[in-house]
Amino acid sequence: MERAEAYGFSGAMSGAFLLSCLLFAAVSRRQRGPYMDEVFHVPQAQAYCHGRFLQWDPMITTLPGLYLLSVGVVKPAAWLLGWTGSVVCSVGMLRFINLLFSAGNFYLLYLLLFKIHQKNKAVSGFQRILSALTLTMFPTLYFFTFLYYTDPGSVFFTLFSYLMCLYGNHKTSALLGFCGFMFRQTNIVWTVFCAGNVIAEKLNEAWKTELQKKKDEKISSRKGSFSDLSSVLQFLVEYLLSPKNLVTLTALTWPYIILVSLFFVFVFVNGGIVVGDRSSHEACLHFPQLFYFLSFTVFFSFPHLLTPTKIRKFLLSLRKHPVQYSLITVVSLFLIWKFTYVHKYLLADNRHYTFYVWRKVFQRHELVKYLLVPFYIFAGWSFADTLKSKSIFWILMYFVCLLAVTVPQKLLEFRYFILPFLIYRLNIPFLSLYRQLLELAFYVLVNAVTFYLFLNRTFQWENSDEVQRFMW
């Protein structure tokens, strides 16, 4: 990092942390007690603070990574600073843990952008800093910086694991992946993603060698169009059926294989992936979740995905491949028809934005969910088009992980989209400075509206005296 870039990064990180501290103070003043899922997380962490490690709330569905780390940070800090009494492991103190995670995420996002795009000399240090700041302010993640939820810590350990993977420190990456798993079990998918990065790199090298041998310039290892896919899949099958190649890949990815094996042991012993309240977290094949994710991504990445150039290219692709798009349309309609699920929480809890999205859009008419298919197809095409700089094997690996982390979820919950979105956003090319600033301004606006609603537009339910607040 050059000196000017280092100063710029330090200034941006300090400014973001100061802003976060001011917002943290505002949230803590208005909402002093636990809110929403905090009513489960806070008492559990406080029980651990008092040494009651065998106590467990059966409503909690994640492993105790957040609570163990909180005790590991708060207890030594309290001892060093001489804190005693209720301030130790108070709601505010526990929430502050996520403020520290947010600062760590800023640094990790910057390092990942630097590593992933290091070959692109046209990208300036200012653009890297601006992009890292923008992703730190990503509204769905940023909001939970100020509550005691698992999301900031889950993102921190997953991004850290990804960074170590990119630098070839696979044992460290797997260890950090285990920490991420302890925050949220579905993070095991991103351990598979890290292993997939290694495999995709070896496959791409072998694919280029294969092309050079055959001198077949018609097949590109970089684009992955419809005509290329069958050749790529055939090569993939042949490569993975070779015992020599399998031994090589196993030698490279054994730390991840051990962690994934431990995950399957956990699922077998636990009787499922969820700990605690399983009745509200049943797995199912909810394929429209992929469509919701693509829509979510278009909304938050519209400077990248929703441009006149993209629309023109999509219409041209549509004209060139009518049969393929017709087939995709039919499959999409079928998946929506047979695999749409509506979770009871989505219909009952009017504090979440998803409640209003579902009621104002999808519940207007039975046909709405089908009429959105053309938009889903455009969103999917535009999404894939921004990843064309990656190898076809990386794209296939990412999409497998994307399906694994979204489709089994019955509940439409924007928090589940945070990590797949960030991984995607880190790997697409940089925009012009104007579009980067537009993206940041949009995130700031969404955050401002979100915090205004949360802090000021409170309401009450008829059967409860508690103050209710709008949130993601």
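The values are calculated or read from the model by the stated rules, or taken from the named source; none is laboratory data. Bear in mind the structure is a predicted one, so any value in this text is a computation, not a measurement. As a convention, Cβ positions derive from the backbone with ideal geometry for all residues, glycine included, and neighbour counts pool all protein chains shown. Note: accessible area is taken over every heavy atom of the protein model, side chains too, but ligands, DNA and RNA are not part of it. Shrake-Rupley method; radii C 1.70, N 1.55, O 1.52, S 1.80 Å.
Roughly what percent of Cα-Cα pairs across the stretch 103-223 reach past 25 Å?
On the way: 2725 of 7260 pairs.
Result: 38 percent of Cα pairs exceed 25 Å.
How far is it, in nm, from the label point at LEU80 to the one at PHE399 when both lie 7 Å from their Cα along the line to the Cβ?
4.8 nm
Over the Cα atoms of the stretch 31-154, what is the Rg over Rh ratio if Rh follows Kirkwood?
1.08
Once both labels are modelled 7 Å past Cα along the beta-carbon direction, what's the LYS171-ASN350 spacing in nm?
Distance between the two pseudo-spin positions: 5.7 nm.
With the cut-off at 22 Å, tell me which of the pairs LYS121/LYS171; LYS208/LYS244; LYS115/LYS244; LYS121/LYS390; LYS171/LYS208; LYS115/LYS171 have Cα atoms farther apart than that. It would help to have the intermediate numbers written out before the result.
Working: LYS121/LYS171 30 Å; LYS208/LYS244 18 Å; LYS115/LYS244 30 Å; LYS121/LYS390 17 Å; LYS171/LYS208 28 Å; LYS115/LYS171 19 Å.
Over 22 Å apart, Cα to Cα: LYS121/LYS171; LYS115/LYS244; LYS171/LYS208.
With Cβ to Cβ distances under 14 Å as the rule, what net charge do the other residues near LEU306 carry (K, R +1; D, E -1)? Present the calculation step by step, with values, prior to reporting the outcome.
On the way: positive: LYS310, ARG312, LYS313, ARG435; negative: ASP385, GLU439.
Around LEU306, the surrounding residues sum to +2.
For the pair ARG52/ARG457, report the inter-label distance in nm, with labels modelled 7 Å from Cα in the Cβ direction.
Output for this residue pair reads 3.8 nm.
Taking 22 Å as the cut-off for C-alpha to C-alpha distance, list the pairs among LYS202/LYS313; LYS310/LYS369; LYS119/LYS388; LYS202/LYS388 that go past it.
Going by Cα-Cα distance, LYS202/LYS313; LYS310/LYS369 fall outside the 22 Å limit.
Quick check: the angle from helix 392-406's long axis to the longest principal axis of the chain, C-alpha only, nearest 10 degrees?
Approximately 40 degrees, to the nearest 10.
With a cut-off of 8 Å between alpha carbons and a minimum separation of six or more residues, what is the relative contact order of the chain in percent?
Across the chain, relative contact order equals 20 percent.
Okay, helix-only estimate at 222 nm for the chain: each DSSP H run of n ≥ 4 adds -39500 (n - 2.57), divide by all residues, round to 500 deg cm²/dmol; what do you get?
Helix-only estimate at 222 nm: -22500 deg cm²/dmol.
In debye, nearest 20: dipole of the stretch 305-389 around its Cα centre with unit charges on the Cβ of K, R (+) and D, E (-)?
Values: 13 positive and 3 negative charges, 36 e Å.
Magnitude of the dipole: close to 180 debye.
Where does each of 421-428, 309-316 land if you order them by average Cβ count within 10 Å, highest first?
Put in order of decreasing packing, that is 421-428, 309-316.
Name the residue farthest towards the positive end of the dipole of the chain from the options LEU347, GLN127, TRP79, assuming +1 on Cβ of Lys and Arg, -1 on Cβ of Asp and Glu, about the Cα centre.
The one lying farthest along the dipole's positive direction is GLN127.
With +1 assigned to the C-beta of every Lys and Arg and -1 to the C-beta of every Asp and Glu, and no other charges, what is the dipole magnitude of the chain about the Cα centre in debye, to the nearest 20?
Approximately 1160 debye in magnitude.
Can you give the net charge of the other residues whose Cβ lies under 10 Å from the Cβ of PHE40, counting K and R as +1 and D and E as -1?
After counting each charged neighbour, the total is -4.
For a quick protection proxy, order the peptides 42-55, 455-468 by their average other-Cβ count within 10 Å, most packed first. Each step should come with its number before you reach the end.
Numbers: 42-55: 15.8, 455-468: 10.2.
In descending order of packing, they fall as 42-55, 455-468.
Of the accessible area of the chain, with the probe set at 1.4 angstrom, what percent is carbon plus sulfur?
That share works out to 66 percent.
Whole Å is fine, so just give me how far the alpha carbon centre of the stretch 280-341 lies from that of the stretch 34-103.
40 Å
Quick check: residue separation of MET59 and TYR341 times 0.36 nm, minus the Cα distance between them. What number comes out in nm? Please list the in-between numbers first.
Values: separation 282, 0.36 × 282 = 101.52 nm, distance 2.24 nm.
This chain segment gains 99.3 nm when fully extended.
Averaged per residue, what accessible area in Å² does the chain show with a 1.4 Å probe, protein chains only?
Per-residue value: 48 Å².
Just to check, using Stokes-Einstein with a Kirkwood Rh over alpha carbon pairs, what's the diffusion coefficient of the stretch 1-70 at 20 °C and 1.002 mPa s in µm²/s?
On the way: Rh = 15.0 Å.
Translational D for this selection: 142 µm²/s.
At a 10 angstrom cut-off on C-beta neighbours, averaged per residue, how do the peptides 264-273, 344-353, 139-148 rank from highest to lowest? Please list the in-between numbers first.
Numbers: 264-273: 11.7, 344-353: 14.1, 139-148: 23.1.
Final packing ranking: 139-148, 344-353, 264-273.
When the Kirkwood radius is taken over all Cα pairs of the chain, what Stokes-Einstein diffusion coefficient follows at 10 °C and 1.306 mPa s, in µm²/s?
66 µm²/s
Under 4.7 Å Cβ to Cβ, no partner at all: give me those cysteines from the chain, in residue order.
CYS21, CYS179, CYS284, CYS401, each lacking another Cys Cβ under 4.7 Å.
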